[in-house]
Amino acid sequence: MERTLGFKERRYIEELRILTKSTAIDCLIDERFDRIIYVIRPGDMGLAIGKKGENIRRMEKVLGKKIEMVEYSENPDDFIANMFRPAALLAVRRDEAGRMNVILRKRGDLGIAIGKGGANVEKARLLFRRFFGSELGGILSEGDGS
């Protein structure tokens, strides 16, 4: 999948590298939810977050926007699991239309997966389309017709 980064995205990636010593593969500016979503290189997530989230708080203060981070994985199922963390995923299944449906382990994780105002679902849809060129389908909990 072809991704292009603009000046702002490159600037934000460089800012992350300077402040946290970690590497971002991609950066997405989400104006709708006033946030910056970083896709972090596998293995760099702890470095990016910092002790007790101090790096994220520092980045938010410097950039003046909410910061979210997702660890990248070449495996679509693992990447989806990373996007919905801390919600526990049971499985990811492709439907007849080719969309990926997310099945959660517990019904209580549905709110976490959707996020306030649908922010987490929107993040997952944007990133999955950007990296895998495919659509994300529904989010179900175990026993909801999976």
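Using the structure shown, decide if Val62 is surrounded by 15 or more Cβ atoms within 10 Å (Cβ to Cβ) and either outside the structural domain of Ile29 (by TED's automatic domain parsing) or of a type in the set (A, V, I, L, M, F, W, C) (or both).
The answer is no for Val62.
How many residues are among the aromatic types (Phe, Trp, Tyr) and assigned to a helix (DSSP H, G or I) if we restrict to segment 37-84?
So the answer is 2.
Tally time: how many residues in segment 1-36 are in a loop (DSSP other than H, G, I, E, B) and among the basic types (Lys, Arg)?
3
Out of Asn82, Asn75, Asn101, report the one residue that is under 30 Å from Thr4 (Cα atoms) and free of Cβ contacts under 8 Å to residues at least 12 places away in the same chain.
Unique residue meeting the criteria: Asn75.
Do we have Ala87 as outside any strand (DSSP E or B), buried (at least 19 other Cβ atoms within 10 Å of the Cβ) and modelled with pLDDT under 90 here?
Against the criterion (outside any strand (DSSP E or B), buried (at least 19 other Cβ atoms within 10 Å of the Cβ) and modelled with pLDDT under 90), Ala87 qualifies.
Taking segment 77-97 on its own, how many of its residues are among the basic types (Lys, Arg) and closer than 16 Å to Lys123 by Cβ?
Qualifying residue count for the region: 1.
The values are calculated or read from the model by the stated rules, or taken from the named source; none is laboratory data. Keep in mind that this is a model prediction, so the values were computed, not measured. As a convention, Cβ positions derive from the backbone with ideal geometry for all residues, glycine included, and neighbour counts pool all protein chains shown.
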